[in-house]
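S.K.: Encoded as structure tokens, here's the structure I'll be asking about.
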Amino acid sequence: QVQLVQSGAEVKKPGASVKVSCKASGYTFTSYYMHWVRQAPGQGLEWMGIINPSGGGTTYAQNFQVRVTLTRDTSTSTVYMELSSLRSEDTAVYYCARAIIAVTDRGKPDAFEIWGQGTMVTVSS
Amino acid sequence: DIQMTQSPSSLSASVGDRVTITCRASQSISTYLNWYQQKPGKAPKLLIYVASSLQSGVPSRFSGSGSGTDFTLTISSLQPEDFATYYCQQSYSTPPYTFGQGTKLEIK
């Protein structure tokens with residue numbers, strides 16, 4: 001079955017970086033876009049960015065433009081999200097979410113169809 | 001950026017009730033509107049795609065409607081497992097993909 005499995009919880013100090021992985025299985029990895037969404041404790045959902053696993057192209061939310069980097073490894077069907085210059089406000093659960101649209105369907109309505117289990121990142125001194 | 005506003009922010013209801021949640025976009029988004037359900041400690045789950053298309057495996061008591069700026073999610077007869085937080089999300093004008101603030105559905 002289609003599945004996204006994320007790496008485990010992280011505790012980081014302010015100013016550090018964190019890299020979260022998301023391993024996909026059960027479908028052709030390069031065929032579907034992958035998004036990252038985060039959720040601070042008790043708060044709503046915030047979209048961070050999207051990567052095309054086929055070509056590696058990325059688009060980021062303005063709020064994260066300078067600090068976030070999405071990459072992928074096609075040999076292991078894994079997408080990575082790295083967030084730098086961490087601050088306490090970055091404490092959140094980070095989710096990867098596979099798009100409902102294939103990379104060949106750009107322009108069609110998108111949605112977050114399959115989600116990882118989430119990775120808790122805690123930023124504390 | 002397109003702003004998404006849900007109402008109400010929280011709602012108390014009983015098993016068997018009919019419940020409607022509203023989502024309003026700050027500009028027209030056609031039917032590029034999705035609904036998600038999130039239970040505590042779990043990832044969100046896609047319920048409805050492009051305003052009214054029920055995802056596979058989602059019970060038929062869930063339905064969605066609307067176009068342009070105004071959308072609704074309706075649960076025709078609440079079941080115990082439906083108590084959760086619901087989010088709307090637009091994919092019309094991206095980036096960014098934006099969510100509503102959420103509606104917490106609680107047991108009365």
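S.K.: Take the residues in the stretch B:51-108 that are aromatic (Phe, Trp, Tyr) and in a loop (DSSP other than H, G, I, E, B); name whichever of them is nearest to the chain's Cα centre (by Cα).
M.R.: B:83
S.K.: Then there is this: When you go through A:15, A:42 one by one, which is the residue that is without any contact (Cβ under 8 Å) to a residue 24 or more places away in the chain, out of contact with any strand residue (DSSP E or B) (no Cβ under 7 Å at 6 or more places or on another chain) and exposed (fewer than 13 other Cβ atoms within 10 Å of the Cβ)?
M.R.: Of the residues listed, the single one that is without any contact (Cβ under 8 Å) to a residue 24 or more places away in the chain, out of contact with any strand residue (DSSP E or B) (no Cβ under 7 Å at 6 or more places or on another chain) and exposed (fewer than 13 other Cβ atoms within 10 Å of the Cβ) is A:42.
S.K.: Among strands (runs of 3 or more DSSP E) lying entirely in the stretch A:46-108, which contain 1 or more residues that are small (Gly, Ala, Ser), surrounded by 13 or more Cβ atoms within 10 Å (Cβ to Cβ) and without any contact (Cβ under 8 Å) to a residue 40 or more places away in the chain?
M.R.: Filter on the stretch A:46-108 gives A:46-51.
S.K.: If you scan the stretch B:61-92, which residues turn out to be among the hydroxyl-bearing types (Ser, Thr, Tyr), open to solvent by less than 50 Å² (accessible area, probe 1.4 Å) and within 14 Å of chain A (Cβ to nearest Cβ)?
M.R.: Once the filter is applied, which keeps residues that are among the hydroxyl-bearing types (Ser, Thr, Tyr), open to solvent by less than 50 Å² (accessible area, probe 1.4 Å) and within 14 Å of chain A (Cβ to nearest Cβ), the stretch B:61-92 yields B:85, B:86, B:87, B:91.
S.K.: Can you give me the number of residues within the stretch A:13-39 that are among the basic types (Lys, Arg), in a strand (DSSP E or B) and touching a Ser or Thr at 6+ places or on another chain (Cβ under 7 Å)?
M.R.: 1
The values are calculated or read from the model by the stated rules, or taken from the named source; none is laboratory data. Quantities reported herein were computed from a predicted structural model and do not represent experimental measurements. Cβ: placed from backbone, ideal geometry, glycine included. Neighbour counts: every protein chain shown. Areas reflect the complete protein model, heavy atoms only, side chains present, ligands, DNA and RNA absent. Shrake-Rupley method; radii C 1.70, N 1.55, O 1.52, S 1.80 Å.
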